[in-house]
1. Have a look at A35, A20, A56 and point out the one that is out of contact with any Asp or Glu (no Cβ under 7 Å at 6 or more places or on another chain), in contact (Cβ under 8 Å) with a residue 12 or more places away in the chain, surrounded by 15 or more Cβ atoms within 10 Å (Cβ to Cβ) and farther than 20 Å from K160 by Cβ.
2. Which of the residues belonging to the range 158-172 are surrounded by 14 or more Cβ atoms within 10 Å (Cβ to Cβ) and not hydroxyl-bearing (S, T, Y)?
3. Give T161, T129, T183 a once-over and let me know the one that is polar (S, T, N, Q) and without any contact (Cβ under 8 Å) to a residue 24 or more places away in the chain.
4. Just to be sure, is W92 over 23 Å from L162 (Cβ atoms) and at pLDDT 95 or above?
5. I'm trying to understand the selection: among the residues of the range 164-180, which are touching a residue at least 24 places away in the same chain (Cβ under 8 Å), away from ligand 2 (no atom under 13 Å from the Cβ) and β-branched (V, I, T)?
6. Would you tally the residues in the range 173-185 being exposed (fewer than 13 other Cβ atoms within 10 Å of the Cβ) and within 19 Å of the chain's Cα centre (by Cα)?
7. Looking at F80, F110, which one is within 20 Å of A66 (Cβ to Cβ) and aromatic (F, W, Y)?
8. Within the range 66-81, which residues are in a loop (DSSP other than H, G, I, E, B) and either farther than 14 Å from G124 by Cα or not hydrophobic (A, V, I, L, M, F, W, C) (or both)?
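The values are calculated or read from the model by the stated rules, or taken from the named source; none is laboratory data. In this text, all values refer to a predicted model and were calculated from it rather than measured experimentally. Backbone-built Cβ (ideal geometry, glycine too); neighbour counts: all protein chains shown.
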Amino acid sequence: MDTKETRHNFFTRLAHMGLALATITQLVTSLIFVAPSPGKSGNIWYEIHEYGGLTAFGFVLLFWLALTARRLGTAPGLLFPWFSGPSLRAVWSDTKAHLAAVTRFRLPPFEEHGALASAVHGLGLLLVTAMVATGTIYYFINTGNSDAGGLVGVLMFVHKTLANVVWAYLIGHAGLAVIHHFTDNLRLTEMWSLKP
Ligand code: HEM
Ligand code: HEM
């Protein structure tokens, strides 16, 4: 059993686990749901997508609260380096190191507090925040037709476009986490554990 202390506090791990499971539910249900159209109601998978989405909204909120209130965990400047020159330079030099490793067909080693990985994690959180925001606003203002124009149309356009990026993020992020778990010094229990 892994007895090593994790670098992430309980609320971060709880929010991450709930959000990851809810996001997977959202992506899977999106493949099989039938959305309502004028005169026709949607199927059960559509309802699961709606309620799963509202649950994801709750976990996104918890993630942001945990990020703001916590003392243990990745520094906010590492997750969101976009407004600081030195942080941006760190992301750039880490990107070059990753590219150099990849062009030699090597998997870049896992680094605690790596600048590039942390910046991508921050973008992942912003991405799912945009998904739950567009989905939830749509839920409250829609009139049963996702093809309606106006604000409903804009929300669904953003939601459906970003959905493709969520697939890519999930496959890339989860895939790398699993590979590093088996080949390197990252334990999945860093995040997938509910130990207090
Ligand atoms: C789309 C769903 C997911 C999102 C939005 C997401 C988001 C994040 C974020 C924002 C972090 C950084 C947290 C921090 O440093 O405070 C993180 C870390 C992590 N995630 Fe995910 N994640 C998702 C799914 C997954 C899945 C499915 C796995 C496992 C297979 C996973 C494994 C990990 C691990 C192991 C870490 C810790 C990395 C470290 O300690 O440096 N994530 N994730
Ligand atoms: C992490 C959160 C979410 C993810 C990953 C997600 C994912 C998706 C995906 C992949 C699609 C299909 C896109 C397409 O057809 O091209 C979709 C459509 C949709 N989602 Fe979400 N979703 C999320 C949250 C929500 C929430 C919170 C709601 C509302 C409560 C919602 C409501 C909808 C609706 C109404 C559609 C369009 C149905 C149609 O085709 O007419 N989603 N979502």
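1. Values: A35 fails: farther than 20 Å from K160 by Cβ; A56 fails: farther than 20 Å from K160 by Cβ.
Result of the check over A35, A20, A56: A20.
2. Initially, the range 158-172 is screened for residues surrounded by 14 or more Cβ atoms within 10 Å (Cβ to Cβ), giving 158-159, 162-163, 165-166, 169-170.
Result: V158, H159, L162, A163, V165, V166, L170.
3. After applying the criteria, what remains is T161.
4. Details: over 23 Å from L162 (Cβ atoms): yes; at pLDDT 95 or above: yes.
Answer is yes for this residue.
5. I179
6. Of the residues in the range 173-185, the ones exposed (fewer than 13 other Cβ atoms within 10 Å of the Cβ) are 175, 178, 182-183, 185.
Still in the running and within 19 Å of the chain's Cα centre (by Cα): 175, 178.
Going through the range 173-185 one residue at a time, the tally reaches 2.
7. Values: F110 fails: within 20 Å of A66 (Cβ to Cβ).
None of the others qualify; the one that does is F80.
8. First, pick out the residues of the range 66-81 that are in a loop (DSSP other than H, G, I, E, B): 70-75, 80-81.
Residues satisfying the conditions are R70, R71, L72, G73, T74, A75, P81.
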